[in-house]
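Trainee: Have a look at this one before I ask anything.
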Amino acid sequence: MPTATSMAFGTTSPRTRLTPADQWIGRLFDAFDAIGNTPGIGHKREDLTASPVLFWPVGSYLVIYRATSRPVEIVAVTQGARDIPAFLQRRFSL
């Protein structure tokens, strides 16, 4: 059965080859779908921020989102190796 990502990218045929960038975007869209369908799957990281956001890993990246409203709000997608507290402080002060 095709996924939302495969339908969005027209990749339902097994003969279709995706570029690495398209594969990465597909992984992000799959994560967004999972978060949208089950908002509580993320993790609180009170050691990183007091803001009411959840974190969900996708490879070495983090999807940072708010699940306090529907639909959920994706706040950022960023490298997990970043200084996350400083990144979020800059993001929330904009």
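The values are calculated or read from the model by the stated rules, or taken from the named source; none is laboratory data. Source: prediction; values computed, not measured. Neighbour counts run over all protein chains shown; Cβ positions are idealised from the backbone, glycine included.
Trainee: For region 61-71, enumerate the residues that are in a loop (DSSP other than H, G, I, E, B) and either modelled with pLDDT of 95 or more or crowded, with 17+ Cβ neighbours inside 10 Å (or both). Reasoning before the result, please.
Mentor: Let us first name the residues in region 61-71 that are in a loop (DSSP other than H, G, I, E, B), namely 67-71.
Selection gives ALA67 alone.
Trainee: Quick one: in region 24-53, of everything that is over 13 Å from the mean Cα position of the chain (by Cα) and surrounded by 14 or more Cβ atoms within 10 Å (Cβ to Cβ), which residue is modelled with the highest pLDDT?
Mentor: ARG45
Trainee: Note down all Cβ pairs under 8 Å where the first residue falls in region 19-35 and is closer than 16 Å to PRO57 by Cβ, the second is in a helix (DSSP H, G or I) and among the aliphatic types (A, V, I, L, M), and they're at least six residues apart or on different chains.
Mentor: PHE29/ALA4; PHE29/ALA8; ASP30/ALA4; ASP33/ALA4; ALA34/ILE41; ILE35/ILE41
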